[in-house]
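Enquirer: Pasting a structure here, questions to come.
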Amino acid sequence: MTAPKVYFDYCSEEVMVSEFVSGVWMWELMAAVDSKDQDFLAKVHEIGIEPKALARKLVSVMQHEIQEELFFHADPHPANLVVMPNNKICFLDFGAIGRFTTQTRKTVREFQHHMIRGDIGRMNNCALSLLGPLPPLDVEGIRHEFEKIYSDAVYAMRAKDAEWWERSAAQGWLRFMEVARQYSIPAGADTIQFFRTTFAYDAVIMRLHPDMDVTKEWESYVKQAAKEARARVQKGMPERRRGLTDMDYLKLEEFGDTMNQLVFRLQRNIENPIIHFRNIVGKLAYIASLFLKLGFLAGALIGAGLVADLIARRWFEREIDWSFLFERAATFGWVQLVIIVVILVALRRIILRLNQPDTRLNTDR
C-alpha cells in the first residue's frame, strides 16, 4: 500500500502539491464485480489486479492500521482508494485520521479473538468496554440486545448461504447504533471512528469477495504478526549474549521505581483510618484457614496411609511398597491434574475473597 508523495517545496498554507497517481478506482472495480463485467475484469487481470486477493489484502491492511500503527485512515471509502497494478493500494484524502488508545486496541483484539471462537458472552463484555464509562443504564437489557446482534453476526459468518451484507460488520454496527439510540448510550470518539472505519472497509471487502471467511483472514494476520514479533525478538537476542544491554538496565530501574511506588501506596492504604481493618484481617484469616484446610487434608491422607500400612503389617503380614505406589502415581496424568485443579480452585477462592471491596467507616458520624 502507498499514498501520493507530497512535494513540500511547492506547498503552502493554501495549496498542497502531490504526486499524480493513476490506476483503477476502487468503486469501478466494485461495480465490475457486482455486474459481473467480464471484459473489465479481464483487462484489470492483465495488470495483476484480482478482486478476491485484493479483499484479503484489505483485511490485513485494516488489522495492521488499527492494531499496530499510531494513526489510521478513518475514511477508506471506495472513492478514496486507487488500485494500482499488482493489487497495490493507494490511499487518498487524509482529512479523516483516527487514533486508538492502547486500551481500545487491546479490547478490539480481544473482541476479534472471541468472535473467531463464537463466544457471544465475552463479545458482549468487550462491546460494553468499548463504550467506556457508562452512566446508570439498563445493562442487562443492553446485553440482551447485543447478544442478538452478535449471535446473528457469528451465524452469518459461518453460514454458507448468508448474503454479503449479512456477513459485513456494517450490518452489526447499524444495529449497534440503533441499540445505542434506544438506550441513550453515549458514544465516544473512539467508538464512532471504529464504526466509520470498519463500516467503510467491510463495504469494500465483502463486495469484492462475498464468500470470504473473515475470521480465517484474522487468524492469518495474527500468525503473520506473531512471525514478525519473533523476528524482532530474535534480532535483539545477539545483543544480550554478553549480558544485559543498557536499555535492559533502564527497564529494570523503571521496574524498581514502580515497585517502590507500590510499597508507598500500600503504606498509605494501611495508615488510612478510613479503611475498616476488620475486613482486611478477615481476608487474611480466610486465606490462612484455607491453607490450614489443605494442610489438614494432606495430613489426613498421610494418616490414612500410615493406618493402612499398620493394618497390612499386623493383619496380613505384608508391607505396602510406598515407593512403587508413589512412582506409579507420579506417572499418571490424572494425579497431577487433580493437584492442579485443587491449587487453581484454592487460588480462585482467594482471589475472589481479596477482590471483595473493603467496608469503609462512615466519616459523617
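Enquirer: Given a Förster distance of 51 angstrom, what is the FRET efficiency for Glu110 paired with Val15, based on the Cβ-Cβ distance and rounded to 0.05? Don't jump to the answer; show the numbers that get you there.
Expert: Values: r = 45 Å, r/R0 = 0.87.
With a Förster radius of 51 Å, E is 0.70.
Enquirer: Also: With Cβ to Cβ distances under 13 Å as the rule, what net charge do the other residues near Gly98 carry (K, R +1; D, E -1)? Spell out each step's value before the answer.
Expert: Details: positive: Arg99, Arg105, Arg196; negative: Glu65, Glu69, Asp75, Asp190.
Neighbourhood net charge equals -1.
Enquirer: Ok, one more. Can you tell me the order of 304-312, 186-194 when each peptide is scored by its average per-residue count of other Cβ atoms within 10 angstrom, highest first?
Expert: Values: 304-312: 11.7, 186-194: 16.3.
The most tightly packed comes first, giving 186-194, 304-312.
Enquirer: Classify the chain: rounded, prolate or oblate, from the alpha-carbon gyration tensor (a ≥ b ≥ c, eigenvalue square roots; a/c under 1.5 rounded; otherwise prolate if a/b is larger than b/c)?
Expert: Details: a/c = 2.11, a/b = 1.85, b/c = 1.14.
Here the chain falls in the prolate category.
Enquirer: If you take every residue apart from Gly236 with its C-beta less than 14 Å away from the C-beta of Gly236, what net charge results, scoring Lys and Arg +1 and Asp and Glu -1? Before the final figure, lay out each step's value.
Expert: Values: positive: Arg230, Arg232, Lys235, Arg240, Arg241, Arg242, Lys251; negative: Glu228, Glu239, Asp246, Asp248.
Neighbour charge sum, excluding Gly236 itself: +3.
Enquirer: Using mean Cβ contacts within 10 Å as the protection proxy, how do 71-77, 236-242 order, highest first?
Expert: Details: 71-77: 19.3, 236-242: 9.1.
Packing order, densest peptide first, comes out as 71-77, 236-242.
Enquirer: Which of the lysines could a cross-linker bridge to Lys251, judged by Cα under 19 Å and excluding same-chain residues fewer than eight apart?
Expert: Answer for Lys251, where 19 Å is the Cα cut-off: Lys235, listed by chain and number.
Enquirer: Further question on the same structure: Under 8 Å for C-alpha pairs, at least 6 residues apart: give me the relative contact order for the chain, rounded to a whole percent. Display every interim value, and only then the final one.
Expert: Working: 286 pairs, mean separation 55.1, N = 365.
Once divided by the residue count of the chain, the mean separation gives 15 percent.
Enquirer: Apply the a/c threshold of 1.5 to the C-alpha gyration tensor of the range 175-249 and tell me whether it is rounded, prolate or oblate.
Expert: Working: a/c = 4.62, a/b = 1.91, b/c = 2.42.
It is oblate, given that a/c is not under 1.5 and a/b is not larger than b/c.
Enquirer: Among 156-167, 243-254, 58-69, how do they line up from the highest to the lowest mean number of other beta-carbon atoms within 10 Å? Working shown, then result.
Expert: Values: 156-167: 14.2, 243-254: 10.7, 58-69: 18.2.
In descending order of packing, they fall as 58-69, 156-167, 243-254.
Enquirer: So which lysines pass the test for Lys52, namely a Cα distance under 27 Å, with those fewer than 8 places away in the same chain ruled out?
Expert: Straight-line reach from Lys52, under 27 Å: Lys36, Lys43, Lys88, Lys160, Lys216, Lys223, Lys227.
Enquirer: Still on this structure, I have one more. Using DSSP, restrict attention to beta bridges with both residues in the chain and report what percent are antiparallel, rounded to the nearest 5. Present the calculation step by step, with values, prior to reporting the outcome.
Expert: On the way: 10 of 11 bridges.
Close to 90 percent.
Enquirer: Against the 2.2 N^0.38 Å scaling, with N counting residues, where does the range 1-156 land? I'd like the Cα-based Rg ratio to two decimal places.
Expert: Details: Rg = 20.0 Å, N = 156, 2.2 N^0.38 = 15.0 Å.
Normalised by 2.2 N^0.38 Å, the Cα Rg of the range 1-156 equals 1.34.
Enquirer: Further question: Run lengths n ≥ 4 of DSSP H only: what is the helix-derived mean residue ellipticity at 222 nm for the chain, with -39500 (n - 2.57) per run over all residues, to the nearest 500? Spell out each step's value before the answer.
Expert: Values: 14 runs with 242 residues, N = 365.
Per the formula, -22500 deg cm²/dmol.
Read-outs: derived from the displayed coordinates by stated rules, not from any lab. This one's a predicted model, so the numbers in the text were calculated from it and none came from an experiment. Using ideal geometry, Cβ is built from the backbone for each residue, glycine included, and neighbour counts are taken over all protein chains shown.
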